[in-house]
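Below is one structure; the comments refer to it alone.
No lab work stands behind these numbers, since they all come straight from the coordinates. Being a predicted model, the structure only gives us computed values, none of them experimental. All Cβ positions, even for glycine, are placed from backbone atoms using ideal geometry, and neighbour counts span all protein chains on display.
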Amino acid sequence: MYMNMPAGAVPIFEAKNKLPFFIHQAEENGPVRISRHNEVVAYIVSKEDFESAFARTQKKSIIDEIHEKRIEYGLEDDDFDLTEYYDSIRERGYYGKSDSNHLFED
């Protein structure tokens, strides 16, 4: 297609001039490589491909992990409130203090 162009890459000027076409290509056939000065510098990816890749890189918070486990064990409908639980821990300030009770002692 273009002399000295990386295989399958599209020059930026062509991508700019035919953006709707290359977006459609990304949706149908996967990522479209964009090049500048014979080097791939970017990709056009479909929303589905982006979200799929982004979801794999996102780490869940401990709260999300706990919530998923509670659903897995059928506990999502009980009246346990994580926010209240963690607030009570902070209020007690038992970390490193000898005068506070252990969390599970009543």
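Per-structure values
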{"quantity": "Point-to-point label distance, E51-L75, nm (Cα→Cβ direction, 7 Å offset)", "calculated": "3.1"}
{"quantity": "Segment K59-E39, extension gain: residue separation times 0.36 nm, minus the distance between their alpha carbons", "calculated": "4.0 nm"}
{"quantity": "Nonlocal amide H pairs with R36, under 5 Å, H built at 1.01 Å", "calculated": "V41"}
